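Taken together, the values in this text are just the output of simple stated rules run on the coordinates, not laboratory data. Because the structure is predicted, anything quoted here is derived from the model rather than measured. When we count neighbours, we look across all protein chains shown, and the Cβ atoms used for this are built from the backbone with ideal geometry, even at glycine.
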């Protein structure tokens with residue numbers, strides 16, 4: 001399935017980032033919310049991964065699902081407080097989350113270089129499961 005288009009604002013820079021900005025590059029996208037215990041386990045691992053990933057070969061970003069937050073500012077406050085270095089985009093409520101067929105947080109979606117959805121990992125998946133699937137999108 002072709003990944004649904006999005007154009008969302010980066011929480012830190014205010015820049016609008018869209019799927020097409022990463023044309024020809026495989027991607028890892030994680031949907032999350034600040035109140036979610038599983039996200040709190042997942043995001044530090046994603047931060048560590050981001051620090052060591054070859055970002056020339058893999059695009060990496062996260063989307064804070066504002067429509068699942070307790071307040072409008074919760075995702076932004078969490079991002080700044082925890083000094084997340086990877087791109088954090090702000091969903092329009094649950095719009096992108098719903099377009100990607102997510103049913104929980106965190107959800108990580110792997111796209112190949114043609115932006116076809118290759119894998120979807122839900123809150124029961126480990127980071128190791130995701131890491132093992134990365135070679136399938138890197139060709």
Given contacts defined as C-alpha pairs under 8 Å and at least six residues apart, what's the relative contact order of the chain, whole-number percent?
33 percent
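Order the peptides 97-103, 73-79 from the highest to the lowest mean number of other Cβ atoms within 10 Å of their residues. Kindly include the intermediate steps, with their values, before the conclusion.
Numbers: 97-103: 16.3, 73-79: 18.1.
Most protected by this proxy first, the peptides run 73-79, 97-103.
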Of 80, 55, 128, the most mobile residue in a GNM of the chain (C-alpha springs, cutoff 10 Å) is 128
Cα gyration tensor of the chain, axes a ≥ b ≥ c as square roots of the eigenvalues: rounded (a/c below 1.5), prolate (a/b > b/c) or oblate?
rounded
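From Cα pairs below 8 angstrom and at least 6 apart in sequence, can you work out the relative contact order of the stretch 100-139, rounded to a whole percent?
Numbers: 41 pairs, mean separation 15.7, N = 40.
That works out to 39 percent.
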